[in-house]
Amino acid sequence: MTSKTWKKGILFYNRVFKNADPNTDQLILGEASLGSGNIEVYNDNYVKAEKHFRDALDYLNSIDNKKKIAATYSDLGWMFDLKEEYGEACINYQRSLKLYRDIGYNYTAAKKLSNLANIYKSMGEYDQAKSYYFEALITYEKRGKKKKMADTYSSLGDIFKYQEDYNMAGIYYMKSLELETEMGRKCGMAYDLSSIGRLLQNGELYLYAEDFHFKSLNIYEEISDVEGTADQYRHLGNIKAKQCDIPTAKAFLTKSIELYSELRMKNMVNRVKRIIRNLEKGSDT
């Protein structure tokens with residue numbers, strides 16, 4: 001949302017607040033409050049945003065508009081998620097989920113399940129996250145929502161990787177990669193290729209890992225994703241180090257430093273510099 005857009009939005013909603021009758025225009029005022037809340041979230045004004053969302057709930061509850069109430073709880077969940085107040089985010093997503101189910105909006109309910117899964121994944125509560133992802137998948141697969149299916153498969157791959165179940169992780173990354181390739185979503189393809197490469201690297205299958213990382217690198221360079229490109233050079237550098245090809249390892253790692261520096265990612269720059277120093281000392285990476 002551009003500055004020009006949200007300023008126009010604020011002016012419009014302010015006119016609504018000024019002219020609408022709270023006794024008869026509850027839906028209009030509820031929608032205006034909801035829209036105002038979203039604008040304030042985009043501008044990081046969370047206190048104002050929450051007030052608008054609470055006002056929206058008051059208006060919409062007065063006319064029992066369950067669809068709009070569900071949307072408001074969802075946006076409250078999104079706001080608390082951004083603030084990393086995960087408990088409150090879950091409470092509001094759960095309220096939204098229940099209402100969407102009550103009114104038969106099963107696809108939107110599935111998206112709330114994904115929201116909840118993402119939060120539990122962020123908190124490291126992987127079994128709960130998997131439960132929500134699998135529940136959401138039932139609807140996505142039934143409706144053939146390939147983008148949502150791919151995103152969920154990839155997220156499940158992440159979770160199985162964190163739980164060190166590398167076989168299952170590979171299965172879900174491959175399922176995601178198949179759909180991403182079918183849809184031509186290059187960013188998703190690059191991520192899955194890299195993730196599979198990391199699994200192969202963990203299994204010391206360095207030649208196969210190298211192939212996946214090079215494929216990922218080519219896509220990231222094609223779409224001008226600098227961080228993704230830097231990550232692939234770092235992974236390739238580590239692989240070459242494991243293969244005892246130190247000159248090539250250092251060349252790849254140095255390239256990653258250049259890119260991380262371009263992005264001002266000081267932590268990654270320092271991390272890769274430590275790897276190079278260890279190589280120069282003859283230590284493992």
### Message
I'd like the Kirkwood hydrodynamic radius of the chain, using the inverse of the mean 1/r over distinct C-alpha pairs, in Å.
### Response
21.6
### C-alpha long axis of helix 146-162 to longest principal axis of the chain, angle in °
60
### Query
Just from its helices, what would the mean residue ellipticity at 222 nm be for the chain, if runs of 4 or more DSSP H residues each count -39500 (n - 2.57) and the sum is divided by every residue, rounded to the nearest 500 deg cm²/dmol?
-28000 deg cm²/dmol
### Query
What's the angle, to the nearest 10 degrees (0 to 90), between helix 266-281's Cα axis and the longest principal axis of the chain?
10
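Cα gyration tensor of region 26-143, axes a ≥ b ≥ c as square roots of the eigenvalues: rounded (a/c below 1.5), prolate (a/b > b/c) or oblate? Provide the component values of the computation, followed by the final result.
Numbers: a/c = 2.58, a/b = 1.37, b/c = 1.88.
Judged from the Cα gyration tensor, region 26-143 comes out oblate (a/c at least 1.5, b/c at or above a/b).
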## Note on the structure
Looks like region 143-211, by Cα gyration tensor root eigenvalues a ≥ b ≥ c and the a/c under 1.5 rounded cutoff (else prolate when a/b is bigger than b/c, oblate otherwise), is oblate
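Contact order normalised by length for the chain, with contacts defined as Cα pairs under 8 Å and 6 or more residues apart; what percent is it?
About 7 percent, as a whole number.
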### Query
Does region 174-257 come out rounded, prolate or oblate by the C-alpha gyration tensor, with a ≥ b ≥ c the root eigenvalues, rounded set by a/c under 1.5 and, if not, prolate when a/b is larger than b/c and oblate if not?
oblate
### Query
For region 120-167, how big is the tail of P(r) above 13 Å, as a whole percent of Cα pairs?
54
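Based only on Cα atoms, what mean projected area does the convex hull of region 220-285 have, in nm²?
3.9
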### Task
Using R₀ = 35 Å, calculate the FRET efficiency as 1/(1 + (r/R₀)^6) where r is the Cβ-Cβ separation of ASN45 and LYS66; round to 0.05.
0.80
### Query
In the structure shown, do any of LYS7/LYS66; LYS147/LYS215; LYS148/LYS255; LYS145/LYS175; LYS161/LYS250; LYS142/LYS215 have a Cα-Cα gap over 25 Å, and if so which?
LYS7/LYS66; LYS148/LYS255; LYS161/LYS250; LYS142/LYS215
#### Entry: When region 145-184 is reduced to its Cα atoms, the Kirkwood hydrodynamic radius in Å
9.7
### Summary
Highest mean packing first, using Cβ neighbours within 10 angstrom, the peptides 274-282, 207-215, 100-108 sort as 207-215, 100-108, 274-282
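Pop the C-beta distance of MET183 and ILE28 into the FRET formula with R0 = 35 Å and round what comes out to the nearest 0.05.
It comes to 0.35.
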### Query
Taking the Cα atoms only, what angle lies between the long axis of helix 66-82 and the longest principal axis of the chain, rounded to 10 degrees?
40
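FYI, it's all coordinate maths here, none of it is from the lab. No experiment lies behind these values; they were computed from the predicted model shown. Here Cβ is always computed from backbone atoms with ideal geometry, including for glycine, and neighbour counts include all displayed protein chains.
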